[in-house]
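A short worksheet on the structure shown next.
The values are calculated or read from the model by the stated rules, or taken from the named source; none is laboratory data. Note that the structure is a prediction, hence the values are computed from the model and not measured. Heads up: the accessible areas ignore ligands, DNA and RNA and are worked out on the full protein's heavy atoms, side chains in. Shrake-Rupley method; radii C 1.70, N 1.55, O 1.52, S 1.80 Å.
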Amino acid sequence: MIEILGTLVSLDLFKVFFCCDLERCHGICCVEGDAGAPVSMEEVGLLENAYEAVHDDLTLKAQEKVDHDGVVYPDRDGELVTQIVDGKDCVFVKHEGGCAFCAIDSAYRCGKFHWQKPISCALYPVRLSKVGDMVAVNVHKWDVCQPARELGQRMQLPVYQFLKEPLVRRFGQAWWDECDIAAKELKKAGYLD
């Protein structure tokens, strides 16, 4: 790991190649797993507003789940995560053409809602954790994302470049610029070969 502007960054951010391949994975990351997407307390109100904006795009089961239990729940570790339906599907999933998409993200891209989606979703496969007073930036390796790693490898697109927009959203442009400098220095020193 290296330190970048008060964060601990795994070298996997620069070594692992990644580019979502919806044609092969069909958005499975939104419908698989044992819990919803991690969210912060600040995001709960945004999710509640988003629910109103995307209500009609959601399945009846998702609507019933949110109406009964709210948009989030504490997972087994006590962390807030988005509600899920039938033990797997995020309540904010919409299905189109055999693919699962985030209804919030779709509404954002169409100009119907002002917020994109929880930062944990935007950052995937990056996962953040606390290490003392610092934030650790790690790359999660989930088997359902093998097509994304293969496409990223063909494109030679490291995670930090693929996730430039959400990384800037979370940490700022100066942080991402430092990542870019670090990647070039690590490559020059032979750490990324």
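Counting only alpha carbon atoms, the long axis of helix 146-155 and the longest principal axis of the chain meet at about 40°. Among the listed pairs Lys61/Lys112; Lys61/Lys117; Lys112/Lys141; Lys112/Lys164; Lys65/Lys130, those with a Cα-Cα distance over 28 Å are Lys112/Lys141; Lys65/Lys130. The candidates Val159, Val168, arranged from most to least accessible area with a 1.4 Å probe in the full protein assembly, appear as Val168, Val159.
Per-residue surface analysis assigns Lys65 an accessible area of about 60 Å², computed on protein heavy atoms at 1.4 Å probe radius.
Our Cα-only numbers for the chain put the radius of gyration and Dmax at 17.3, 55 Å. For the chain, the relative contact order works out to 33 percent when only alpha carbon pairs closer than 8 Å and six or more residues apart are counted.
Between helix 60-69 and the chain there is an angle of about 90 degrees, using the helix long axis and the longest principal axis of the Cα atoms. May I ask for the distance between the Cα centers of the stretch 27-98 and the stretch 133-153, given as a whole number of Å? Value for the Cα centre distance between the two parts: 22 Å. Which aspartates and glutamates have a Cα lying under 18 Å from the Cα of Lys184, excluding residues fewer than 8 positions away in the same chain? Candidates past the 8-residue exclusion: Glu3, Asp12, Asp193. Counting heavy atoms of the protein chains alone, Met155 has an accessible area of about 100 Å² for a 1.4 Å probe.
Ligands, DNA and RNA excluded, the heavy atoms of His114 present near 130 Å² of accessible surface to a 1.4 Å solvent probe. Only lysines eight or more places from Lys188 in sequence, or on another chain, were considered; those with a Cα closer than 20 Å are Lys15.
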